[in-house]
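First up is the structure itself, then whatever we jot down about it.
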Amino acid sequence: MSFKCPVCKKEWNASLQVARHMFGTGDKPHKAWVDSQGLSFIDLMIEQATTPGNKSYVTLAEIIEKAQDKL
Amino acid sequence: MNKYAVINTHVHNVDGIAKVTGRATYTFDVKLPGMLYGKILRSPHPHAKILNIDASRALKLPGVIGVVTGKDTLGVKQGIWRRYKDLCDEQILPVDKVRYIGEPVAAVAAVTEEIAEQALDLIDVEYEVLPAVFEPLDAIKKDAPEIHEGFERNINVTRHIEWGDVETAFEEADYIREDWFKCGGQAHMCMETRAAVSSYTPEGKLTVYSSTQSPYYMQGLLAGVLGLKEGNIRVISHYVGGGFGGKFELDGAIFCSAVLSMKLFRPVKIVYTREEDFIATKRRTPMYYYVRTGVKKDGTFCAREAKVFTNGGAYTGMGATALYLTGFFHSFPYRWRGYRYDGYRVYTNTLPSTSMRGFGAPQAMFCSEQQIEWIAADLGLDPIEMRRKNGHYPGYEVPGQATIASCGLDQCFDEIQKWIKGKGKLPEGRAIGISACGFMSGGIFNWFDTPYSFSSAVVTINQDGTVELYVGAQEIGQGSNTTMAIICAETLGVKVEDIKVHSGDTDHCPADLGAWGSRQTLMAGNAVKMAAEDAKKQLLEFAQAKMGINIVYDLDIKNRWVHIVARPERGMDYFELVKEALRGKDGQRIVGRGYYTPHRKGMISPAYSYMLQGVEVEIDRETGKIKLIDSLTAHDCGQPINHLGLIGQLEGAFSMAAGYGYLEYMPYEDGKLMNPNLVDYKVIRATEMPEAAVAEIDTYEPEGPYGAKEAGEGLTNPTAAAIGNAIFHALGLQMKECPIRPEMILKALKEKEEKEKEGK
Amino acid sequence: MEKKLLRLTVNGQEYEIYINPKTLLVEVIRDYLGFTGTKRGCDTVSCGACTVIINGMSVKSCSVLAMQAEGAKITTVEGLEDKGKLHPIQKAFLDHGAYQCGFCAPGMLMSAKALLDENPNPTTWEIREGIEGNICRCTGYNSIVRAVEAVAKGNYREEHHE
């Protein structure tokens, strides 16, 4: 099972890894894609930093999984 | 028994005589004919638009030759992470706005330093003051002022490291603990402040004398900001009065002197005062750490989650690397089933933060090693044995990050255990604190986007057997020239005194990334070894022919004696061989070339050093004052190369790390540093420095020259944590902020007493 | 401001110069007389990089107006050596790696020499006190202490030097 980044098409084994890549890259195209999905990139990032656990990643990973069909 | 002729023997520093006789010429001492003196006008505001700069009054002052502002530059936003244009955000002489108190706004060149200083008061700058923000957690708020256009919530860069299933790993834990820490900044405080002399001439060539850790980086960065070809820029840096991570980026001294010289066609010298050095050169990154760790009741580490905000200050600098490394080394030197690090670097209107010896690891260890000590205490476990059962070992793979080759960590635990046992019962008020850590031997990353090998070397053999060794590796006091000479001498089979090291001049030396990230012994050392082997091989071709030995025999050179390895008594003199080789090559000198770039060595570094440090500390309950009594570091740096250099690096790193732990406080108020001088900013003095012995652990690092890996930066990592742990054992206090000052101890003691009273 | 005449002996040589009376001694040593071995590392008389010996005493030359040194006998790091023959304290520094970047070394050497001239048999603590005014950012001081101890012990005695 492999998941592609919706922006740069790089592949990973898990959707969580793609989510981490999108947060880590943080450039305009990646941010823009996340925001276009009805989420706020910056709010997700800040929540990740200020609360224990992995909620932001999981939220983004789910959206990435749903988007795989369209890629 | 030392199997080497030169390596790990007692060798004088090859620059020693120049340094102890006052002959060493630092950039601080450079004087060129027709030279002018430059001074920099600095912003008094932490955040403001530059509306207008009027230098007309200054230009009228007799002796003032010229003034430059951002408008005299190409306005290029530069940064050392050239591959990531977004992070190249600093103009040094800004065109539109200032972002921290002390940022350069204009620069003057005059015939004397005094006149240049007077001229600063005659430059009129019109600012529109903007609201400013000073702490990362304030800067990410929705209504915080935007410091850099396009960086939402002032988030400069984030880094995320994760392996394993963290949630499941936490569920497996019997005991979970979470703590918040605040790690302070630190000033590099090099004895030689930032200094540069730039000279631009009508041929279109720029020569820059600079106190730098990387002449090549200066050359490359200057080319970018000045619109010149690298080949038309010469950077000279023969003697450097300390770097410690603060001198491999472009700074105001280098940039402003170059811009002035290009305008005026005269050499311009800029030397920072100590105050300028404090307020306007980047500092160690202050960090806020949240750490949650889960372990089993037998002390097996299960999971760790760290969320970190770093105070990036006004520009990126090397802060993105510090952000990554702090998260990586926060896992060191232990195995975690699940590990997650989320790091956020936030812009604020304060002095930019960057690399400083240890590169994020001292902060990481201050948090990690103290929390681990508290967990051991909470569970009633022996702190050394608990660490030992979770430690790295040779061959361990940090998932997705690194494969550990050599690792002497286990032996380190043995040494410190022995030491602590030997101390017996300590007097009242004294305790020993320990801290483990590891560090990288240079990074694998090429964010500078260089097309060159990371390190290169050229060896040329003269007719009299003396050897010219050209390296790009930079001597900043750590002993690089000597280490390279030792490796060259050992490989070629001659003595250190036969080698003449050429470094610190981009006109004559090959490119090298420079002295940072503890990379030179491994990377430049490998390049030197390869070059010397190349030269030796060519030399031995002549010996093979002359001696006519059986094809099964090998030749080698040791102590200037060319000989059959199996029968060392049969051979010839090295000097004779050199003369014959020269004739055999039509009078051409033998030249050997070497280079090194790490390939497929994980995400961070080709090799890691390991250590465990114990520090004996005495705390006065009445005053809160800390006194360092003794220390021992069990240290694995692979094969030591430069014996005197290694001891010097250990003791020196300790003094700097101890300063980070309890002395070097940098208080800021509304973006202004409150103690920019050496009276109020405390660095350790000879009367405060304890014994800092080292117990060398013998390992062999396959990636390093002769098995060597880093020594010098890793040793800056453990001490703050070790001091904190000593305080914990002496007084039962958990100090979550560094540097740990007396008033903090007194306050914590009071709070502890009150809590105990309430408990009753 | 009117320039004043200053006469002083540096490293055994007499000098006569005209200077602005506000000039610091360290500026005369470095800029007027060209002895750039002596360094400056701060503006608050705190770091010791400018230490020289004046009439036998170690002094931070940034804390002294040049005019105050009128008629004085001054030794800087350049004066330790005798035509290529190193002073015992210099040899000890080399043997013990008692310097790294070397910027503090000239001042440190002068403090060490002044200490040993006054107290040829210092205890380890007295040595540390003797160099307390000199900051070294590189070495952590212990190698410097070892070097001074070695000289005090007499390891360099046959190379007797004034």
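The values are calculated or read from the model by the stated rules, or taken from the named source; none is laboratory data. None of the values given here were measured: they were computed from a predicted structure. Reconstructed Cβ throughout: ideal geometry from the backbone, glycine too, with neighbour counts over all protein chains shown. Keep in mind that these areas ignore ligands, DNA and RNA; they rest on the heavy atoms of the full protein, side chains included. Shrake-Rupley method; radii C 1.70, N 1.55, O 1.52, S 1.80 Å.
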Item to check | Alpha-carbon centroids, region B:285-299 and region B:98-116: separation in whole Å | outcome: 45
Checklist entry - At what distance in angstrom do the alpha carbon centres of region A:38-71 and region B:609-635 lie from each other? => result 44
Next on the checklist: Please list A:Leu60, B:Leu381, B:Leu74 from largest to smallest accessible area, probe radius 1.4 Å, with all protein chains kept in place.
Outcome noted: B:Leu74, B:Leu381, A:Leu60
Checklist entry - Residues of region C:105-135 losing 20 Å² or more of accessible area relative to the isolated chain, 1.4 Å probe, heavy atoms only? => result C:Trp125, C:Arg128, C:Glu132, C:Ile135
Checklist entry - Accessible area per residue of region A:15-71 at 1.4 Å probe, in Å²? => result 45
Checklist entry - Where does each of B:Tyr668, B:Tyr574 land when they are ordered by accessible area, with a 1.4 Å probe and the largest first? => result B:Tyr668, B:Tyr574
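Estimate for me the total accessible surface buried between chains A and B (protein heavy atoms, probe 1.4 Å, no ligands or nucleic acids), in Å² to the nearest 100.
By this definition, chains A and B bury close to 1600 Å².
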Next on the checklist: If you count only protein heavy atoms and use a 1.4 Å probe, how large is the accessible surface of B:Trp81, to the nearest 10 Å²?
Outcome noted: 20
Checklist outcome for this item: For A:His30, the accessible surface traced by a 1.4 Å probe with all protein chains present amounts, in square angstrom to the nearest 10, to 10
Checklist entry - In whole percent, how big is the carbon plus sulfur part of the accessible area of region B:699-760, probe 1.4 Å, protein atoms only? => result 50
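With +1 on each Lys and Arg Cβ and -1 on each Asp and Glu Cβ, how big is the dipole of the protein assembly as shown about its Cα centre, in debye rounded to the nearest 20? Could the numbers behind the result be given before it?
Details: 112 positive and 125 negative charges, 229 e Å.
That gives a dipole near 1100 debye.
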Checklist entry - Using r as the Cβ-Cβ distance of B:Glu497 and B:Glu576, and R0 as 25 Å, what FRET efficiency do you calculate, to the nearest 0.05? => result 0.85
Checklist entry - What GluC sites (Glu not before Pro) does region B:592-691 have in DSSP loop regions with at most 14 other beta carbons within 10 Å? => result B:Glu622
Next on the checklist: Test of understanding: extend the Cα→C-beta vector of B:Glu468 to 7 Å, then name every residue of region B:501-516 with backbone N under 17 Å from that spot.
Outcome noted: B:501-511
Checklist entry - Charges only on Cβ, +1 for Lys and Arg, -1 for Asp and Glu: so what's the dipole of region B:1-156 about the Cα centre, in debye to the nearest 20? => result 740
Next on the checklist: Report the C-B buried area as the accessible area lost on both sides summed, probe 1.4 Å, in Å² to the nearest 100.
Outcome noted: 4000
Checklist outcome for this item: Set B:Lys500/C:Lys60; C:Lys85/C:Lys113; B:Lys19/C:Lys73; B:Lys39/C:Lys73; B:Lys579/B:Lys709; B:Lys389/B:Lys750, cut-off 26 Å on Cα-Cα distance; pairs above it are B:Lys500/C:Lys60; B:Lys39/C:Lys73; B:Lys579/B:Lys709; B:Lys389/B:Lys750
Checklist entry - On average, how many beta carbons from a partner chain sit within 10 Å of the beta carbon of a residue in B:677-684? => result 4
Checklist outcome for this item: Whole-Hz Karplus couplings 3J(HN,Hα) for region C:9-16, θ = phi - 60° and coefficients 6.51, -1.76, 1.60, Gly and Pro as x, run 10, 10, 6, x, 10, 7, 10, 10
Checklist entry - Along each of its three principal axes, how wide is the spread of alpha-carbon positions in chain C, in whole angstrom units, largest first? => result 50, 32, 25
Checklist entry - When the scattering of region C:88-156 is computed by the Debye formula from its Cα atoms alone, each counted once and equally, what is log10 I(q)/I(0) at q = 0.15 Å⁻¹? => result -0.37
Checklist entry - Which residue, chosen from B:Gly299, C:Trp125, C:Tyr99, occupies the Cα position most advanced towards the positive end of the dipole of the protein assembly as shown, where the dipole is computed from +1 (Lys, Arg) and -1 (Asp, Glu) charges on Cβ about the Cα centre? => result C:Tyr99
Next on the checklist: A drop of at least 20 square angstrom in accessible area, chain alone versus all protein chains together, probe 1.4 Å. Which residues of region B:472-489 meet that?
Outcome noted: B:Gly477
Checklist entry - Which cross-chain or sequence-distant (5 or more) residues have an amide H under 5 Å from the amide H of B:Ile629, H modelled 1.01 Å from N in plane? => result B:Glu616, B:Val617, B:Glu618
Next on the checklist: Using only the alpha-carbon atoms, what does chain B span along each of its principal axes? Please give whole angstrom values in decreasing order.
Outcome noted: 90, 74, 48
Checklist entry - Roughly speaking, to the nearest percent, how much of region C:4-79's 1.4 Å accessible area is carbon and sulfur? => result 48
Item to check | Peptide-level mean, for C:34-47, of C-beta atoms on other protein chains within 10 Å | outcome: 6
Checklist outcome for this item: Once all protein chains are kept in place, B:His502 shows an accessible area at probe 1.4 Å, nearest 10 Å², of 50
Checklist entry - Per residue, how many Å² of accessible area does region C:4-79 show with a 1.4 Å probe? => result 43
Checklist entry - Hey, what's region B:296-336 come to in accessible area per residue, 1.4 Å probe, Å²? => result 12
Item to check | Delta accessible area of at least 40 Å² on complex formation, residues of region C:85-104, 1.4 Å probe, chain isolated as reference | outcome: C:Leu94, C:Asp95, C:Tyr99, C:Gln100, C:Cys101, C:Phe103
Checklist entry - For B:Arg234, A:Arg20, what's the largest-to-smallest order of accessible area, 1.4 Å probe? => result B:Arg234, A:Arg20
Checklist entry - Could you work out Rg/(2.2 N^0.38 Å) for the protein assembly as shown, with Rg from alpha carbons only? => result 0.95
Item to check | Percent carbon-and-sulfur accessible area, region B:507-595, ignoring ligands, DNA and RNA, probe 1.4 Å | outcome: 47
Item to check | Most positive-pole-ward Cα, B:Leu644, B:Thr633, B:Val528, against dipole of region B:527-673 from beta carbon charges | outcome: B:Val528
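To the nearest 500 deg cm²/dmol, what mean residue ellipticity at 222 nm is calculated for chain B from DSSP H runs of n ≥ 4 alone, each contributing -39,500 (n - 2.57), summed and divided by the residues?
Roughly -9000 deg cm²/dmol at 222 nm, from the helical runs in chain B.
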Checklist entry - In whole Å, what is the distance between the alpha-carbon centres of region B:184-217 and region B:355-414? => result 37
Checklist entry - Which one of C:Thr51, C:Gly79, C:Leu6 is farthest out on the positive end of the charge dipole of region C:4-79, using unit charges on Cβ (Lys, Arg +1; Asp, Glu -1) and the Cα centre as origin? => result C:Thr51
Checklist outcome for this item: With N residues in region B:665-715, Rg(alpha-carbon) / (2.2 N^0.38 Å) equals 1.94
Next on the checklist: Using DSSP to call loops (not H, G, I, E or B), can you name the GluC sites (Glu not before Pro) in region C:1-108 whose Cβ has at most 11 other Cβ atoms within 10 angstrom?
Outcome noted: C:Glu2
Item to check | In Hz, Karplus ³J(HN,Hα) per residue of region C:126-140 (6.51, -1.76, 1.60; θ = phi - 60°; x = Gly, Pro) | outcome: 5, 5, 4, 5, x, 10, 4, x, 10, 8, 10, 8, 9, 8, x
Checklist entry - Quick one: Karplus J couplings for region A:15-26, per residue in order, coefficients 6.51, -1.76, 1.60, θ = phi - 60°, nearest Hz, x for Gly and Pro? => result 5, 5, 5, 5, 4, 4, 4, 5, 5, x, 6, x
